[in-house]
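Visitor: A single structure is presented below for examination.
None of the figures in this text is laboratory data; all of them are computed from the coordinates on show. Small disclaimer: the values here were computed from a predicted structure and weren't measured. Cβ coordinates were reconstructed from backbone atoms using ideal geometry, including for glycine residues, and neighbour counts include every protein chain displayed.
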Amino acid sequence: MALYLSEDQAMLKDTVAPFLAENAPVKHLRSLRDSKDPVGLSKDLWKRFAELGFTGILVPEADGGLGLGHVEAGIVLEEIGRNLTPSPFLSTAVAAVEALKAGDADLRAQWFPRIVSGDAIVALAIDEGAKHRPGSIAMVAERSGNGFKLSGKKQFVLHGHVADMLLVAARTGGSSGEEAGITLFAIPKETAGISVDVDRLVDSSLSARVSFDGVQVDADAVVGEVDAGWAPLTKLLDAGRLGASAEMLGVGAGAMDMTFDYLKQRKQFGKLIGEFQSLQHRAAHLYGEMEGARSIVIKAQHLSDDGDPRAELFIAAAKAKTGKSCNLAVREGVQMHGGIGMTDEYDIGLYMKRDRALNEFFGDPHFHADRVARMNGY
Amino acid sequence: MSMSDLELFRAETRAWLEANCPAEMREPVRDDDDACWGGRNFKFKNQAQKQWLDIMAAKGWTVPDWPKAYGGGGLSAEETKILRSEMAKLGCRPPLMSFGIWMLGPALLKFGTEEQKLHYLPPIARGEIRWCQGYSEPGSGSDLVSLQTFGEDKGDHWTVNGQKIWTSYANKADWIFCLVRTDKTNKYQGISFLLFDMTTPGVSTKPILLISGSSPFCETFFDNVKVPKHQIVGELNRGWDVAKYLLGHEREMISGGGLGEGLASLGAAFPDAAANEPVLRAEMAMFDVETIAFRAHSERFMDEWKTGRAHPAYSNLMKYVGTELNKKRHELVMAAGGSDALEWESSRSKGGAKPRTWLRTKANSIEGGTSEVMLNVVAKRILDMPGA
């Protein structure tokens, strides 16, 4: 498959891009932020996503979805990134959906229809420390009655305070660092013993620290097999990493376009600043970095959709490369805007904030470059 | 052509290659001297090398996608791709390395007269005439269009005087394609694209020693060289159009070849450094990320280029990214190699292969348009930045 959008994919982009530009541009984020909106996102917008079919892109047709792939999901995510739209799309319609594909018929029947209809938001309770380290999950789920009892703490649970369900990775066996012994649970958020401490992050998104205090769940909350949760967790994480990469393409492209426009309008010393070679070279270099990121993302999406075993390596490389490129785009963006780039009134700073959060989400470039090295045998 | 026709072509091609490619020609080319460059004075390394060239040339497969009338194989783009992939699978060497094939050929196919195509292309395809490229001059590097080598109009011929530099293999080539000023009053529209025999009286060459050691580069001198008027490609004074077209080709070639080792991991190649130098390991890991991304970038560029989706100036970006990455790679190779990689002459170091390659890569971002010129072109033509 050639590394550009097919006709159908280009049509999807032509639907998504104007929809988000009209209904959820950057001022939508600003109004949620400035009104201290306690939800942190628009549930109406989430329903509109469902009406347009976006929520079911990755859900199999047999489960009521569209059965499309990561290229299509990435098209939506890129526009979310470009508009800095607060949305549960990445957590719910991408990462959670990929994990739930490993679930049994009951679990799928319980959650897929609600996700597709826009009635459920899923949050991911994976990280236990400040850095993304899924290999060392320590939270314990003890056998108890017909199921398990979970105790411990999770953090960086985006939308956790308004989620209907939490996907929770916990240890049912083995010891820290081992893949075996991890179990993935789908737990309704209203379950007794779950408490949520929500805070606004630098990018205005709302993220929770979630405490599990002897939370009792039935065995049917298990996604896949007990002690074998590493497989669905890997699906979840890889989908999330690939999706976050696509979203960062949008964040970086949005920042870059805004900056290039500014270079063509702003005059100093009697010239447009875009005439200065020092800025032209930096602009061209940045463009090259973003193009490299765009290329590795679409390549990784194709490999994922083809079920190619190289996908894992390419996704790790994609998250690292887009993280670096998007970060360069927002840093150059603020610098090239000069003083106005430091003001809250101007949007470029919001791009810098979102980049910071997305770089951290699902592992930063250091984490993923290390994984690339390990997969390459060193 | 239908899918089954292509599959049939694949099967036939494979069978033919298996039957006709000599075993010696299925081993990797060791170095420049081991490759087949052809030409009047070329000495074949062995019978197999000559046999492989002759049999491939007879089928037109040294230039599979050129028309048969010009010595090509007349293959479609799909068939050419199949031929190349089957050759790669069997490890068949290219039968012929040639600036005639890579550079002059495409220019003649686009700008040459029918008579010129029939005259010049078949000997290129058969490896009988070896070509070199006369572009750069001592005073005209990045600012190539300022070139001064002058062809004075003498009625039925030009008398050419001047000097070229960085002429690859000028001392081994039979003919040169050369940019010559034919009008001193017009900078861009005063250059012509001339072809002439390197044995013409007044042509002399001198090899250049580089920081990496001996090199294929030469200085080339023209002292009252007579060039007949019919040996011009394209119109008089419009040679810059031909040159620009060829430079695009060259940049595509350099950018694609920037990382010949494919996805090869740097850290995997230097296990000691990777295991014992954590900071170096981290740099190599980041470099592996860049390598994977660049491979995807090249693949996407080729997919977009072939279908007319890529910006016409995009090869400039690829040239910049690919060559800068290759330089970075060899900086890390030197760091990982430590003092072993400093040895310059020993057989243990293969005659200093690592340091010589490292130094040679420094020219990647100079030759064929410097990185700075590439960035200028990207900024102005792709990003539409203001200014001259």
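Visitor: Tell me which strands (runs of 3 or more DSSP E) are completely within segment A:109-176 and hold 3 or more residues being touching a residue at least 40 places away in the same chain (Cβ under 8 Å), or say none if there are none.
Guide: The qualifying strands (runs of 3 or more DSSP E) are A:122-125, A:147-158, A:165-171.
Visitor: Go through (1) out of contact with any Gly (no Cβ under 9 Å at 6 or more places or on another chain); (2) surrounded by 21 or more Cβ atoms within 10 Å (Cβ to Cβ); (3) more than 22 Å from B:Asp288 (Cα to Cα) and name the single condition A:Glu345 misses.
Guide: All conditions pass for A:Glu345, except number (2).
Visitor: Got a sec? Which of A:Tyr378, A:Tyr346 is within 29 Å of A:Asp127 (Cα to Cα), among the hydroxyl-bearing types (Ser, Thr, Tyr) and free of Cβ contacts under 8 Å to residues at least 40 places away in the same chain?
Guide: Details: A:Tyr346 fails: within 29 Å of A:Asp127 (Cα to Cα).
The conditions single out A:Tyr378.
Visitor: Same structure again: What's the total number of residues in segment A:282-318 that are free of Cβ contacts under 8 Å to residues at least 24 places away in the same chain, more than 15 Å from B:Arg295 (Cα to Cα) and within 7 Å of chain B (Cβ to nearest Cβ)?
Guide: 2
Visitor: Could you list all residues from segment B:335-355 that are surrounded by 17 or more Cβ atoms within 10 Å (Cβ to Cβ) and under 21 Å from B:Ser214 (Cβ atoms)?
Guide: B:Ala341, B:Glu343, B:Ser349, B:Gly352, B:Lys354, B:Pro355
Visitor: Also, I was wondering about something else. Specify the residue that is surrounded by the fewest Cβ atoms within 10 Å (Cβ to Cβ); the eligible residues are those in segment B:294-310 that are closer than 18 Å to A:Tyr287 by Cα and at the interface with chain A (Cβ under 7 Å from one of its Cβ atoms).
Guide: B:Arg309
Visitor: Of the residues B:Pro106, B:Pro122, only one is free of Cβ contacts under 8 Å to residues at least 60 places away in the same chain, over 19 Å from B:Val227 (Cα atoms) and not hydroxyl-bearing (Ser, Thr, Tyr); which?
Guide: One residue alone meets the criteria, B:Pro122.
Visitor: Can you say whether B:Glu277 is closer than 22 Å to A:His366 by Cβ, more than 12 Å from chain A (Cβ to nearest Cβ), surrounded by fewer than 21 Cβ atoms within 10 Å (Cβ to Cβ) and acidic (Asp, Glu), as far as the supplied structure shows?
Guide: Working: closer than 22 Å to A:His366 by Cβ: yes; more than 12 Å from chain A (Cβ to nearest Cβ): no; surrounded by fewer than 21 Cβ atoms within 10 Å (Cβ to Cβ): yes; acidic (Asp, Glu): yes.
Taking the combined requirement at face value, the residue does not satisfy it.
Visitor: Taking the stated definitions as given, is A:Gly229 farther than 25 Å from B:Val289 by Cβ, at the interface with chain B (Cβ under 8 Å from one of its Cβ atoms) and surrounded by 18 or more Cβ atoms within 10 Å (Cβ to Cβ)?
Guide: no
Visitor: Right, another one. Name every residue in segment B:189-225 that is part of a loop (DSSP other than H, G, I, E, B) and either over 19 Å from the mean Cα position of the chain (by Cα) or of a type outside the set (A, V, I, L, M) (or both), in order of residue number.
Guide: Within segment B:189-225, B:Met198, B:Thr199, B:Thr200, B:Pro201, B:Gly202, B:Leu209, B:Ile211, B:Ser212, B:Ser214, B:Ser215, B:Pro216 meet the criteria.
Visitor: Working carefully through the options A:Gly339, A:Gly363, A:Gly377, find the one that is surrounded by fewer than 19 Cβ atoms within 10 Å (Cβ to Cβ) and either on the phi > 0 side of the Ramachandran plot or facing another protein chain (nearest Cβ under 9 Å) (or both).
Guide: A:Gly377
Visitor: Within segment B:357-366, identify whether any single residue is closer than 27 Å to B:Ala275 by Cα and facing chain A (nearest Cβ under 10 Å), and answer yes or no.
Guide: no
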